[in-house]
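Beneath this line is the structure, given in structure tokens, with notes to follow.
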Amino acid sequence: MSKSPTELTEAEWSIIKAVWDAEPCTAPAIQEKLFKSTGWHYSTVRTMMDRMVAKGALKAKKEGKLTVYRSVVTRAEAQRGELVYALKHIFNGALTPMVQCLLENQDLDENELASLEALIKAKKKSAKK
């Protein structure tokens, strides 16, 4: 059984993306990386990163006077969490309207449509087993 999906806030997404790009990393390094786009000061970033540790999205290890952070959540796990959240909260758990919405609002080329068809065919095959 896979672990439950991780749901991240918009601010946490900013942080986890910066961590993925720089890990292992420190809060000051993340704050510096994000300051121009967010205006967040060190204390804000450190508090959010510590909350993400408590949430299970990051892990922290004391190395001398520094706290070094690494991601626990992969990009795929975080994306899955967002999709599950949207499915539950926006589409009341109904997958078909969500997929229909995505198909109607995206310009998909032939390759993307073929990939989606292949995924559906593979899922049908595995569901028959």
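All but one of (1) surrounded by 16 or more Cβ atoms within 10 Å (Cβ to Cβ); (2) of a type in the set (V, I, T); (3) modelled with pLDDT of 95 or more hold for T6, so report the exception by its number.
T6 satisfies every listed condition except (3).
Check A54, A18, A22 and return the single one that is in contact (Cβ under 8 Å) with a residue 12 or more places away in the chain, within 17 Å of the chain's Cα centre (by Cα) and under 24 Å from E77 (Cβ atoms).
A18
Name, by its number, the condition in (1) open to solvent by 70 Å² or more (accessible area, probe 1.4 Å); (2) modelled with pLDDT of 95 or more; (3) of a type in the set (F, W, Y) that does not hold for W40.
(1)
Every residue in segment 14-28 that is more than 15 Å from K61 (Cβ to Cβ) and surrounded by 13 or more Cβ atoms within 10 Å (Cβ to Cβ), please. Don't jump to the end; show me each part of the working.
Of segment 14-28, the ones more than 15 Å from K61 (Cβ to Cβ) are 14-18, 20-22, 28.
S14, I15, I16, K17, A18, W20, A22, P28, listed by residue number.
Going residue by residue through segment 94-115, is there one that turns out to be in contact (Cβ under 8 Å) with a residue 40 or more places away in the chain and either open to solvent by less than 60 Å² (accessible area, probe 1.4 Å) or not polar (S, T, N, Q) (or both)?
No, segment 94-115 contains no residue that is in contact (Cβ under 8 Å) with a residue 40 or more places away in the chain and either open to solvent by less than 60 Å² (accessible area, probe 1.4 Å) or not polar (S, T, N, Q) (or both).
The values are calculated or read from the model by the stated rules, or taken from the named source; none is laboratory data. Small disclaimer: the values here were computed from a predicted structure and weren't measured. Here Cβ is always computed from backbone atoms with ideal geometry, including for glycine, and neighbour counts include all displayed protein chains. Accessible surface is based on the protein model in full, side chains and every heavy atom, while ligands, DNA and RNA are left aside. Shrake-Rupley method; radii C 1.70, N 1.55, O 1.52, S 1.80 Å.
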